[in-house]
Amino acid sequence: MATNLEPQPLSADQHGSLRIRDDARIEFAARQHVLLIRATEIGLAAAAFPVFLNRHGTSGAWLFSAMTSFIPGSNLFVRDQQWEATYLPTFLQTYPVFLVPREPGSNDLVPAISGEDSAFSTETGTALYDNNGSPSLELTQIEKALRADFEKDKQSRAFAEKLVELELHKAVDIVVSLESGQTQTIRGLHTIDEERLRTLDDAITLDLQQRGYLMAIHAMLVSMGQVNALVQRHAAASDDRIKNVRIESARDPGAAPAH
C-alpha cells in the first residue's frame, strides 16, 4: 500500500475495511534497534534488554528505551518471524495505532493511524471495525492499552525529570568493535550514575523509595548486564562477530539520541 505518514483519526466511514496484517507488528519490531518503554515497564524490560534514558531528537523530552541490537535497523530478539524476548513492550503491543488530539490543542485523544500504512490490508488480518461499523475487539483493546499508556507517560516524565534534577544520570557511548574491523558507536544514551546514587542523602533516598523510583533505578543498573546477552545474540545471528564492546563516558554528551 502507499505510505502517507500524516496521522488520520480512525473512523468507520474512512477505515471500515482496514485490517491489521498478521505479520505487521513483528515486521515493525524487526527494524527497531531501540524500543520506547515507560517507567512502569523498566523492571520487566530489564530482564531482557539494556535500558537507557535518552532525549527525543525533536522535542528534547527525556524518554526510556530498551536496546535490542547494536546495529540500527535490526532487532536481535526477532528470529524467523517470532518474538523471542521475555517481555513485549506496550509500544509494540499497540502498533500500528496511536492517539492524537481530536483537534489541534485539544486534550480529547482519539485513535489514529499513519495514513495508508503498509501495516494494513483490506484483505487479510484483524479487522479494525466489525460489519456494523463498531470498533472490533482488537481495536477496543488497543485503545484501552493506549489510554492506560498515556497515563503511564506522565509517570515516566516525572521519573525522568527527577533523575535529571538529582543528576543521577550520566551520558555513555557504546562502542562495538567487529572482527571485520568496523566500529559502531551508539551515542545519545544515559544510564544511572552509580557513584552519584551512593552519595545521596538518606532523606533523598527515602523519598525515591517512597515514590517507587528506587526499584526502577536499580533495575536500570542491573540491565547493563544485558549488553553481554546482546553480544551473544549477535554472535548467533551474524557472520561479522563482535570482537569487543565497551561502555564508556560519552565524548559528546549532547549527541543525538539513539532513536
* Give, rounded to the nearest 20 debye, the magnitude of the charge dipole that segment 1-130 has about its Cα centre when Lys and Arg contribute +1 at Cβ and Asp and Glu contribute -1 at Cβ. => 500 debye
* Asked: Using modelled backbone amide H atoms (1.01 Å from N, in-plane), which distant-in-sequence or interchain residues come within less than 5 Å of Arg79's amide H?
  -> Glu84
* **For Val110, residues with placed amide H under 5 Å, excluding near neighbours** => Val100, Arg102
* To do: Run the accessible area of the chain with a 1.4 Å probe and give the carbon-and-sulfur part as a rounded percent.
  => 46 percent
* **Cβ charges +1 (Lys, Arg) and -1 (Asp, Glu), total dipole of segment 79-170, debye** => 340 debye
* To do: Please work out the average accessible area per residue across the chain, using the 1.4 Å probe convention, and give it in Å².
  => 53 Å²
* **Extension reserve of the Ala145-Arg246 stretch, reckoned as 0.36 nm per residue once the Cα distance is removed** => 32.7 nm
* Structure fact -> Of the candidates Phe120, Ser136, Val110, the farthest towards the positive dipole end of segment 97-138 (Lys/Arg Cβ +1, Asp/Glu Cβ -1, centred on the Cα centre) is Val110
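About its Cα centre, how strong a charge dipole does the chain have in debye, to the nearest 20, once Lys and Arg get +1 and Asp and Glu get -1 at the Cβ?
About 480 debye.
Can you give the convex hull volume per residue for the Cα atoms of segment 122-259, as a whole number of Å³?
Looking at segment 122-259, the number lands at 188 Å³ per residue.
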* How large is ³J(HN,Hα), in whole Hz, for each residue of segment 245-250 in order, when computed from phi with the Karplus curve 6.51 cos²θ - 1.76 cosθ + 1.60 and θ = phi - 60°, using x for Gly and Pro? -> 10, 10, 9, 10, 4, 5
* To do: Mind checking segment 184-252 for trypsin sites (Lys or Arg not before Pro) that DSSP puts in a loop (not H, G, I, E or B) and that have at most 13 other Cβ atoms within 10 Å?
  => Arg241, Arg251
* **Contour excess over end-to-end distance, with Cα ends at Glu194 and Gln14 and 0.36 nm allotted per residue** => 59.6 nm
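The values are calculated or read from the model by the stated rules, or taken from the named source; none is laboratory data. Remember, predicted model here, so these are calculated numbers, not experimental data. Note that each Cβ is placed from the backbone with ideal geometry, even for glycine, and that neighbours are counted across all protein chains shown. When the accessible area is computed, the model is the full protein with side chains, heavy atoms only, and any ligands, DNA or RNA have been set aside. Shrake-Rupley method; radii C 1.70, N 1.55, O 1.52, S 1.80 Å.
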